Structure formats: C-alpha cells, structure tokens
Amino acid sequence: MVLKDKSELIEVWDWIKAAAADNLDTPTVLLLVAQSVDSLAACAILTRLLEDEQLSHKVVPCADYADLSRIYTEQVADATELRSIVLINCGGIIDLMGHLQTALDEADDGIGIRRAAELPHPDCRWYVFDSHRPFALENMVEQRDDEAHVYVLHDGGDGIAQAEELVSQIEIMYDGDGSDEESEDEYDEPASQVRAAPRPARRPCAPSPPLST
C-alpha cells in the first residue's frame, strides 16, 4: 500500500483515465460509497467528472464493513474487467487487504488459495479516500510502486506526520516481507505458528467531516 498526498490527485486521476482508455468496451471504475451526506456529495462530484470524460462506472453503496466484505466477494473478486476501485469514506481505518482476505477465505470455505490483493485483476488499483482517523498502520506501510495495489490519499492533516514517523520505525524493525526475522530465528517457530496481530473489529462507515478538496 502507498500513502498519497492530495497534491498527487492529478496523478491518480490520470491513472484512472488511462486504465479506462485501455478497456473502452467495459466499465472499469467502481465506486464504493459510505452512506453519509459528505460521502454522497463527494460521489456526486466524482461521478460528474467521470461522465465528463465519458468513462463508464458503477456506484455501490456500502453500509458498514460487513457490507464491504459481502460486496467484495459477490461483486468484486471475480469482476476481472475492473481496473480502478474507489472507496469513499471507508477502508482507511482497517487493514483493508487483511479484511478482504478474511472475507475471501470465508467465501472459499477456508481453502485460502486466492489472494485478495491480486483480485479482481493484477492491474486493478484501489484508491481510498477516507476522512476518518486514524488510518490503520497496515494501510500506510509503503511498497514499491510496481507492487502496490492500494493507494490511501490524505490531506496532510493532524497526525499524518507522526503516523509516517511511526511507520518508518516499523519498516526498520521488519524486513521487506513484513516478517520479524530476529523473532523467528530466536524462537525457531514454523511460519504456521507465528501469531498475527489481531484484526480490528468491523466498524460502520460512520458519518464524518467532508472530504478535503
């Protein structure tokens, strides 16, 4: 995942348009929108921009994170035509890919053979516009641009600088795969026995201040 500043919105918009231009025969843009007034207002602005560019798109309301799981497994995971998924006022305060992976594993009867980060298509990118705070640290740990699938956009408000400093310290402690090599060497535990951090509880996409422009 990659944290993006609002100054990079034009770059993000260019990515969305370019991906759509490469697939003119199918709608490639999906908007997942929290059910709050400011979310609907932001959605109205974005859909107008998409219409002005003549880009096909679909809007799906999202009531809470349980609903997000359902939407992902039923409407997203197998929709290979999608190239851009925009989350408006949801997705930032949870480990997004971890949350979707749990939903995918449950839908696949626990087999766990598919990776949420690779679905619905390897070239698909997720863009999170969420005014809720704090962001989940899992959403802020950067990957190389050629590996990243999730981009969390922020307005540079309070707490971002401190969060970025914390993330930089985490990246020093862990290797590129997110594993603690020193801990595994010391205890010599099989990977299957290494305990993962608890996932955040599912929370509703609650009303929040308007998105910054």
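The values are calculated or read from the model by the stated rules, or taken from the named source; none is laboratory data. Because the structure is predicted, anything quoted here is derived from the model rather than measured. For neighbour counting, all protein chains shown are included, and Cβ atoms are generated from backbone atoms with ideal geometry for every residue, glycine included. The accessibility values were calculated without ligands, DNA or RNA, using every heavy atom of the protein model including side chains. Shrake-Rupley method; radii C 1.70, N 1.55, O 1.52, S 1.80 Å.
Overview of values
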read-out	value
Candidate residues 129, 135: accessible-area rank, largest first, probe 1.4 Å	129, 135
Diffusion coefficient, µm² s⁻¹, Stokes-Einstein with Kirkwood Rh over alpha-carbon pairs of the stretch 1-105 at 10 °C and 1.306 mPa s	109
Net charge, residue 26 excluded, C-beta distance under 12 Å - Lys, Arg +1, Asp, Glu -1	-1
Evaluated at q = 0.25, 0.28 Å⁻¹: base-10 log I(q)/I(0), Debye formula over Cα of the stretch 77-142	-1.16, -1.24
Pairwise label distance in nanometres, residue 58 with residue 11, each label 7 Å out on the Cα-Cβ vector	3.0
Of all accessible heavy-atom area on the stretch 1-74, the percent that carbon and sulfur account for (1.4 Å)	54
Heavy-atom accessible area per residue - the stretch 33-108, 1.4 Å, Å²	41
The stretch 49-104: C-alpha pair distances exceeding 15 Å, %	53
